[in-house]
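S.K.: Submitted below is the structure of interest, expressed as C-alpha cells.
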C-alpha cells in the first residue's frame, strides 16, 4: 500500500544509494557496530527483503523483544486455557496467539479437543460474537503492545454486552527497552525503535535512550528502505558522536503520537509491574484494567488463579533470542526439534517471532 | 515397513494446505502401498499432477489424475465448485503434457441442499467441460446426513492421452532452464479469503480460475519437442510450494526475482493487511513452466498471445548450485530463501 511520495521506499536504485552511504560511513567509523530493533515487523522486513545480505559485515542488526505473542507469559495463556475448558465460554484472540505453547498445551490444542476458541481480527469481532451469543461468556484474550491496547480500550469503554470480558495481557515497550539497555553486556550501539508503537505513544518515551543512556535511536517505518535509512541515520550519529532520538517514520509518526489513543489507554488501563516471558518481571512493563471497568476484567469476573507455569521449556533458548544474546540457529532445538509446525518455544510460533522468521527466510 | 512418525496425533486442517504437513500426510497414507505403478509408468510415488499407464505396443500412454474439490464458499468471486472441479482436473492433465479426453465425477451432497443450488453447480460443471472439450463419462452420487459435510463435495478422475516420449515432470528441471509464470499469482486464494472473511476491501478482486487449455494448445509443438521440461499449476501452497517441490524432486536450485513476479496490487494489499505471503497463496488458472533457455523467448511470446497468458513473465532460472532450495532476489536487491509453506496461512496480529 503506497502513500504519496513513498515509492522510493521499495526502490532498488534508492536502496543502492543508501547502501553506498552506509558503506562509506562504516569505513569512516572503522569498527564493528551492533544495532538492535525491538519489533517483530522490523525483523520481518529485514529478513523478507534480505537486507542483511546487503549490509557490510561490520554491521550487525540483532532482534530484541519485539514480538507481543512471544513475550506473553505462559501463565496468562494457561488462564485462557482454564477458562476455555468451561462449556459456557468462547475464547477469542489473535491468530498468532492460539498456537503458542503454554505450560502444558496451547489454545489450538484446546480447540482441537473441542473447546470453542476463535480467531478474531480484533476486539470488535469478539464483542460481536458476545452480542450474537448472549448465553455464552465471550472472553477476549487481549495481547500486544501499545498498538493493540487502544482497540481493546475503545471496546471496553463503548459499553459492550455484559457477557464480554477481557484477559488483559498487554505489555508496554519503553519499560522493556530501558531494562535491556541497562544490561550493559549487550553493548548496543544504536536502537531502531518501532514505528507502530510510536504512532500511538509518540517520540518522547523513546528519548530516554538518547538522553539518559546516550545511545542513538531512530524511530523507523517498515518498508525495506525505511530500515536501511534508519541504519544510515544511526551511523551518521555515531560518526558525529551524537545521541539523539530522531524520526525516520515522519510520514506516519507525529512527535506527540496519537493523543486520542493515548487518552483511551489512560482512561481504561493502568501500568503495572508485569512478567515478560523469557525476560522476567518489568516495572511498568504491562497494563491492567482500571477498577472503574472491572466488570469487563476476566481476572476479577472468573477469579482464575494459575499456580505454577513454565515460560521456557527445557532446552529452549527463546529467553536469549528475545534479548538479542543468541541467534535462533545457535539454539540446539532450532529446525531440528523446534519447528513452526511443532514449536517448543514461543519465538517459533508467531510470524513476528525471531525463530519463526529465521526458519522461514534463512537456511544456515 | 514402519510408518514415519507424524508430528501430530490428529489430522489438522493444515495437513491439507499443500505444505510440509500435507507431505507428511501423503507419506503416511501411501508408504505401505506395495503396487504403485503400471509398468514403466508414473505412479503414486512420483507425487506428480497425475499418473500414466503406458500402453504396450503403442506410442501413447493414458494419463490419469484424481482430484477432490472442497471449496467454501461454494460460489466465490470468479467461479464456483463446478467450474473449479473441471478446471482443476483438466489443468492437472495438461500439466503432464496430456490431451484431456474424459472425466468421471462423484458428487457427495449434504441432506437438505436445495435443488436449484445443485443445478447451478452442475450447469457450471457441464458448461466448463464442454469448453474443455472433455467428455463426462461416468459418475456416482451419495447423500450424507445433515451436518456431516458442508453442502457439496466433488471428486473427479481425469483421463487424458499423451505420447510416451513427452516427459514433462516435476523431477525434470535442468540447470539453466528459465522459469515462466503465465499470469499474476495469488488471485484465487486472496479472492476467496476476502469473500470468506467479509473484508470487502476490494470488490474487483476475482479468482484466476481458468482452463489452461489455451496455453497447452499454443505450446503443443514445444511440448512434443521437449522444450518444456516441467509444468505445474501452483494451487495449494502457491508458487512457494510448487517451486520447492520442483527443486527437491529435480535436485536443482531455483532462483526467482521478486520484481519479475506478477502480483496484482489488490492481492498485495490484502496479503499485507492480513500478514499473508502471496507466494504461498493458491492460484487456479496459472501455470509455472521450466523451459529450455534456447526456446524461452518464443515460448513466452506464444503464451502472451493467449487471453489467459497475456501477463506471463520469465521470473527466474534453474541452477545447479543451492540444490533443493528456492532463492528469491528481493525487490531491493537482497537475497533470501523461499521456504516450503508449512500449512494453512494464519493472519497475523499487527
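FYI, it's all coordinate maths here, none of it is from the lab. No experiment lies behind these values; they were computed from the predicted model shown. Cβ: placed from backbone, ideal geometry, glycine included. Neighbour counts: every protein chain shown.
S.K.: To the nearest 0.05, what FRET efficiency results for residue B:265 and residue B:40 with a Förster distance of 56 Å applied to their C-beta separation?
M.R.: Values: r = 47 Å, r/R0 = 0.85.
Step by step, r from the Cβ atoms, then E = 0.75.
S.K.: Per residue of chain B, what 222 nm ellipticity follows from adding -39500 (n - 2.57) for every DSSP H run with n ≥ 4, rounded to the nearest 500?
M.R.: Numbers: 9 runs with 97 residues, N = 350.
After summing the helix terms and dividing by residue count, I get -8500 deg cm²/dmol.
S.K.: Which semi-axis lengths, in whole Å and largest first, follow from the square roots of five times the eigenvalues of the Cα gyration tensor of the stretch B:178-338? Mind showing how you got there, number by number?
M.R.: Working: eigenvalues 129, 78, 32 Å².
The answer is 25, 20, 13 Å, longest axis first.
S.K.: Here is a follow-up. Calculated FRET efficiency, residue B:176 and residue B:47, Cβ-Cβ r, R0 22 Å, to nearest 0.05? Let's see the in-between values first.
M.R.: Numbers: r = 25 Å, r/R0 = 1.14.
Plugging the Cβ-Cβ distance into 1/(1 + (r/R0)^6) gives 0.30.
S.K.: Please report the base-10 log of the normalised intensity I(q)/I(0) for the stretch B:39-163, using a Debye sum with one equal scatterer per alpha carbon and no solvent, at each q in 0.09, 0.12, 0.13, 0.21 (1/Å).
M.R.: Once normalised to I(0) and log-transformed, intensities are -0.28, -0.47, -0.55, -1.14.
S.K.: Give, in nm to one decimal, the length gained when the segment between residue A:295 and residue A:213 is fully stretched (0.36 nm per residue of separation minus the Cα-Cα distance). The partial results should precede the final answer.
M.R.: Numbers: separation 82, 0.36 × 82 = 29.52 nm, distance 4.12 nm.
Fully extending the segment from residue A:295 to residue A:213 adds 25.4 nm.
S.K.: Return one number: the angle in degrees, 0 to 90 and rounded to the nearest 10, between the long axis of the Cα atoms of helix A:12-29 and the longest principal axis of the Cα atoms of chain A.
M.R.: 70
S.K.: Still on this model: Dividing the Cα convex hull volume of the stretch B:1-97 by residue count, how many Å³ per residue is that?
M.R.: Values: hull volume 11.5 nm³, N = 97.
Given the Cα convex hull of the stretch B:1-97, per-residue volume reads 119 Å³.
S.K.: Also, quick follow-up: Under the classification rounded if a/c is under 1.5, otherwise prolate if a/b is larger than b/c and oblate if not, where does chain B fall, given a ≥ b ≥ c as square roots of the Cα gyration tensor eigenvalues?
M.R.: Rounded is the answer for chain B, as its axis ratio a/c remains below 1.5.
S.K.: How much length is gained on full extension from residue A:250 to residue A:113, taking 0.36 nm per residue of separation minus their Cα-Cα distance? Write out the running numbers ahead of the final one.
M.R.: Values: separation 137, 0.36 × 137 = 49.32 nm, distance 4.73 nm.
Here the answer is 44.6 nm.
S.K.: State the Cα centre-to-centre distance between the stretch A:106-141 and the stretch B:140-180 in whole Å.
M.R.: Going from one Cα centre to the other spans 37 Å.
S.K.: Suppose we keep just the DSSP beta bridges with both residues in the stretch B:39-163; what percent of those would be antiparallel, to 5?
M.R.: Details: 26 of 35 bridges.
Roughly 75 percent of the DSSP beta bridges within the stretch B:39-163 come out antiparallel.
S.K.: In deg cm²/dmol and to the nearest 500, what is the mean residue ellipticity at 222 nm of chain A if only DSSP H runs of at least 4 residues count, each as -39500 (n - 2.57), divided by the residue total?
M.R.: On the way: 15 runs with 132 residues, N = 364.
For chain A, the value works out to -10000 deg cm²/dmol.
S.K.: To the nearest Å, what is the center-to-center distance of the stretch A:182-233 and the stretch B:80-97, using C-alpha atoms only?
M.R.: 52
S.K.: Any chance you could run the full-extension gain for residue B:335 through residue B:272? It's 0.36 nm times the residue separation minus the Cα-Cα distance, nm to one decimal.
M.R.: Details: separation 63, 0.36 × 63 = 22.68 nm, distance 2.00 nm.
Length gained, residue B:335 through residue B:272: 20.7 nm.
S.K.: Explain nothing, just the number: relative contact order of chain A, from Cα pairs under 8 Å at least 6 residues apart, as a whole percent. If you can, show how the numbers build up before the last one.
M.R.: Values: 721 pairs, mean separation 80.1, N = 364.
The value is 22 percent.
S.K.: When every alpha-carbon pair in the stretch B:188-259 is counted, what percent end up more than 18 Å apart?
M.R.: Values: 1537 of 2556 pairs.
Of all Cα-Cα distances in the stretch B:188-259, 60 percent exceed 18 Å.
S.K.: Please say if the stretch A:205-342 is rounded, prolate or oblate, where rounded means a/c under 1.5 for a ≥ b ≥ c the square roots of the C-alpha gyration tensor eigenvalues, and otherwise the choice is prolate for a/b larger than b/c and oblate otherwise?
M.R.: Working: a/c = 2.23, a/b = 1.17, b/c = 1.90.
Since a/c reaches 1.5 but b/c is at least a/b, the shape of the stretch A:205-342 is classed as oblate.
S.K.: Follow-up. Can you give the angle from 0 to 90° between the axis of helix A:173-182 and the longest principal axis of chain A, with both taken from C-alpha atoms, to the nearest 10?
M.R.: 50
S.K.: Compare A:191, A:14, A:35 in a GNM of chain A, Cα atoms joined below 10 Å, and give the one with the largest fluctuation.
M.R.: Ranking A:191, A:14, A:35 by mean-square fluctuation puts A:14 first.
S.K.: Let me ask another. What distance in nm lies between label points placed 7 Å from Cα along the C-beta direction at residue B:295 and residue A:363?
M.R.: Once both label points are built, they end up 2.9 nm from each other.
S.K.: Before anything else, pin down the relative contact order of the stretch A:198-302: Cα pairs under 8 Å, at least 6 apart, normalised by residue count, whole percent.
M.R.: 25
S.K.: For the stretch A:1-101, evaluate the Debye formula with one uniform point scatterer on each Cα (no solvent term) and list log10 I(q)/I(0) at q = 0.14, 0.16, 0.19 Å⁻¹, rounded to two decimals.
M.R.: -0.75, -0.85, -1.02
S.K.: What average number of partner chain Cβ atoms lie no more than 10 Å from the Cβ of the residues making up B:322-334? Could you put the intermediate results ahead of the total?
M.R.: Values: counts 1, 0, 1, 1, 0, 2, 4, 3, 11, 7, 19, 11, 15.
Mean inter-chain Cβ contacts per residue within 10 Å come to 6.
S.K.: In addition: Between Rg and the Kirkwood Rh of the stretch A:175-229, both from Cα atoms, what is the Rg to Rh ratio?
M.R.: On the way: Rg = 11.4 Å, Rh = 11.8 Å.
With Rh from the inverse mean 1/r over Cα pairs, Rg/Rh is 0.97.
S.K.: With springs connecting C-alpha atoms under 10 Å apart, model chain A as a Gaussian network and identify which of A:240, A:352, A:267 has the largest mean-square fluctuation.
M.R.: A:240
S.K.: Set the Förster radius R0 to 35 Å, insert the Cβ-Cβ distance between residue B:111 and residue B:305 as r into 1/(1 + (r/R0)^6), and round the FRET efficiency to 0.05.
M.R.: Details: r = 48 Å, r/R0 = 1.38.
For residue B:111 and residue B:305, the calculated efficiency is 0.15.
S.K.: When only C-alpha pairs under 8 Å and at least 6 residues apart count, what is the relative contact order of chain B, in percent? Walk me through the numbers on the way to the answer.
M.R.: Numbers: 789 pairs, mean separation 75.6, N = 350.
Taking the mean separation of contacting Cα pairs over the length of chain B, I get 22 percent.
S.K.: Work out how far the C-alpha atoms of chain A reach from end to end along every principal axis, then list the three figures in whole Å, largest first.
M.R.: Each principal axis gives a Cα extent; for chain A these are 66, 46, 37 Å.
S.K.: Still on this model: Rounding to the nearest 10 and keeping the result within 0 to 90°, find how far the Cα-based axis of helix A:259-268 lies from the longest principal axis of chain A.
M.R.: In chain A, helix A:259-268 runs at an angle near 40 degrees to the longest axis.
S.K.: Additional query: Give, in whole angstrom and from largest to smallest, the semi-axes √(5λ) of the equivalent ellipsoid of the protein assembly as shown, with λ running over the eigenvalues of the Cα gyration tensor.
M.R.: Details: eigenvalues 423, 208, 99 Å².
Working from the Cα gyration tensor, I get semi-axes of 46, 32, 22 Å.
S.K.: Give the percent of DSSP beta bridges with both residues in chain A that are antiparallel, rounded to the nearest 5.
M.R.: Values: 8 of 39 bridges.
DSSP beta bridges in chain A are roughly 20 percent antiparallel.
S.K.: Also, I was wondering about something else. Give me D for the stretch A:138-202 in µm² s⁻¹, whole number, from Stokes-Einstein with Rh from the Kirkwood sum over alpha-carbon pairs, 37 °C and 0.692 mPa s.
M.R.: In µm²/s, the coefficient rounds to 236.
S.K.: For the stretch A:13-65 and the stretch B:26-48, what is the centre-to-centre distance using only Cα atoms, to the nearest Å?
M.R.: Distance between centres, Cα-based: 48 Å.
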